[in-house]
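Data block below; observations after.
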């Protein structure tokens, strides 16, 4: 009975039209087009981290770029919890990115979107530990936001390839 139910489930899923985004692996249409995106320099420490994260995920520089990705970041730390002595007990680091995919052939904007994430940070008595936690949160947020951007670029590439 379970086997029959499993076969019926597999048969229904195969007809739903779902296809892998990265079909063909590294030589597939989506992966190949992502390597054609050049990441423009982004200002600041968060920009440096974001540029590296995007270049790693896009495998940029392997082919001649056809597109340029321009990213503007907004990095903000705000205090949340307050102790009895009016010192901050918890912080929230927010990283927001507005990005545009530009066609290098004619300068037109192909995609204009935003991505973002935030992280909570405990503020402890050690200033060094708090700064280290803030830096770690920034590195993690850059990776999360870079994943969001690359996913959106891959979906756009998949839609336009059809």
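With both bridge residues required to lie in the stretch 28-161, what share of the DSSP beta bridges run antiparallel, to the nearest 5%?
90
Ranked by Cβ crowding within 10 angstrom, fewest neighbours first, how are 91, 134, 127 ordered?
In increasing order of surrounding Cβ atoms, one gets 127, 134, 91.
In what order do 93, 156, 83 fall by count of nearby beta-carbon atoms within 10 Å, going from fewest to most?
Ordered from fewest to most neighbouring Cβ atoms within 10 Å, 93, 156, 83 come out as 83, 156, 93.
Sort 143-151, 64-72, 108-116 by packing, meaning the average of other beta carbons within 10 Å per residue, with the highest value first.
My ranking of the peptides, most packed first, is 143-151, 64-72, 108-116.
Only the coordinates and a few stated rules stand behind these numbers; no lab work does. From a predicted model like this one, the values you see are computed outputs, not experimental measurements. We place every Cβ from the backbone using ideal geometry, glycine too, and count neighbours over all the protein chains shown.
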